[in-house]
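The values are calculated or read from the model by the stated rules, or taken from the named source; none is laboratory data. None of the values given here were measured: they were computed from a predicted structure. In this analysis, Cβ positions are derived from the backbone assuming ideal geometry, glycine residues included, and neighbour counts consider all displayed protein chains.
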Amino acid sequence: MIDPYQIIQKYYPEGSLAAHVLIVHSEAVAGKSDLIAQTLGLQPEERNFIREAALLHDIGIILTQAPDIGCFGNHPYICHGYLGHDLLIKEGLPIHALVCERHTGTGLTIEDIENQKLPIPRRTMLPVSLAEKIIAYTDKFFSKSHGQLTREKTFEEVLRSVRRFGPDKETILAGWHEEFNR
């Protein structure tokens, strides 16, 4: 068992806007993820992992250029998943790192990366494990925007937000919604 807050403190200045945004957003994602894990009857060990990974899934935002949320790094925001992956690899958390890399949208294929000319490594970044899918799903319900941190979006709002990336993304999200809301 790890302490995600201890890891966050290594990279985020205490009391900073970036730390506040990351923690509030990640706690919301962790809470919704845990409700799904409970509903699915997952074992305590897996529920604990989901909580840890949900709290760390966006750790890479600090390395991006997102001044509205207190992040002044050198990378575009879209890079936060693989950057978080790299941070957690350094922390000795390879399974948690996969959650970081695979949670963007409903996941990214090499084709997505090439077609959208994304400035990220050319590799498949699709959620594979149940934990990865749960966190990718719940993340879509919570924004990091000022004044919106604790507001949970409706499924219709989330569906609209992924629709612009293609019908395949909408289908994936709808499948997760059905699986996680029985």
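Are there any helices (runs of 4 or more DSSP H) wholly within region 52-127 with 2 or more residues that are out of contact with any strand residue (DSSP E or B) (no Cβ under 9 Å at 6 or more places or on another chain), under 18 Å from residue 165 (Cα atoms) and modelled with pLDDT of 95 or more, and if so which? Even if it seems obvious, please write down each step before you answer.
Values: elements: 80-90, 94-102, 110-115.
Answer list for region 52-127: 110-115.
Given the criterion of a type outside the set (D, E, K, R) and either loosely packed, with under 15 Cβ neighbours inside 10 Å or within 17 Å of residue 28 (Cβ to Cβ) (or both), identify the matching residue among 107, 166.
Details: 107 fails: either loosely packed, with under 15 Cβ neighbours inside 10 Å or within 17 Å of residue 28 (Cβ to Cβ) (or both).
One residue alone meets the criteria, 166.
Just checking, does region 132-148 include any residue being surrounded by fewer than 20 Cβ atoms within 10 Å (Cβ to Cβ), in contact (Cβ under 8 Å) with a residue 24 or more places away in the chain and in a strand (DSSP E or B)?
no
Mind listing whichever residues of region 27-58 are over 13 Å from residue 100 (Cα atoms), touching a residue at least 24 places away in the same chain (Cβ under 8 Å) and among the small types (Gly, Ala, Ser)?
28, 30, 33, 37
Which members of region 6-21 meet the condition of being part of a helix (DSSP H, G or I), surrounded by 14 or more Cβ atoms within 10 Å (Cβ to Cβ) and free of Cβ contacts under 8 Å to residues at least 60 places away in the same chain? Talk me through it step by step, then tell me what you get.
Of the residues in region 6-21, the ones part of a helix (DSSP H, G or I) are 6-11, 17-21.
Retained after the next criterion (residues that are surrounded by 14 or more Cβ atoms within 10 Å (Cβ to Cβ)): 7-8, 11, 17-21.
Hits for region 6-21 are 8, 17, 18, 19, 20.
Among the residues of region 126-148, write down those that are more than 19 Å from residue 179 (Cβ to Cβ) and more than 12 Å from the chain's Cα centre (by Cα).
Going through region 126-148, the residues more than 19 Å from residue 179 (Cβ to Cβ) turn out to be 142-148.
145, 146, 147, 148, listed by residue number.
Does residue 32 satisfy the condition of being farther than 18 Å from residue 146 by Cα, touching a Ser or Thr at 6+ places or on another chain (Cβ under 7 Å) and part of a helix (DSSP H, G or I)?
Numbers: farther than 18 Å from residue 146 by Cα: yes; touching a Ser or Thr at 6+ places or on another chain (Cβ under 7 Å): yes; part of a helix (DSSP H, G or I): yes.
Yes: the conditions hold for residue 32.
So is residue 24 in contact (Cβ under 8 Å) with a residue 24 or more places away in the chain, surrounded by fewer than 17 Cβ atoms within 10 Å (Cβ to Cβ), among the aliphatic types (A, V, I, L, M) and over 15 Å from residue 181 (Cα atoms) or not?
On the way: in contact (Cβ under 8 Å) with a residue 24 or more places away in the chain: yes; surrounded by fewer than 17 Cβ atoms within 10 Å (Cβ to Cβ): yes; among the aliphatic types (A, V, I, L, M): yes; over 15 Å from residue 181 (Cα atoms): yes.
It is true that residue 24 is in contact (Cβ under 8 Å) with a residue 24 or more places away in the chain, surrounded by fewer than 17 Cβ atoms within 10 Å (Cβ to Cβ), among the aliphatic types (A, V, I, L, M) and over 15 Å from residue 181 (Cα atoms).
Tell me whether region 157-166 contains one or more residues that are farther than 25 Å from residue 75 by Cα, in a helix (DSSP H, G or I), of a type outside the set (A, V, I, L, M) and modelled with pLDDT under 95.
yes
Hey, can you tell me all the residues within region 35-51 that are charged (D, E, K, R) and either more than 15 Å from the chain's Cα centre (by Cα) or not in a helix (DSSP H, G or I) (or both)?
45, 46, 47
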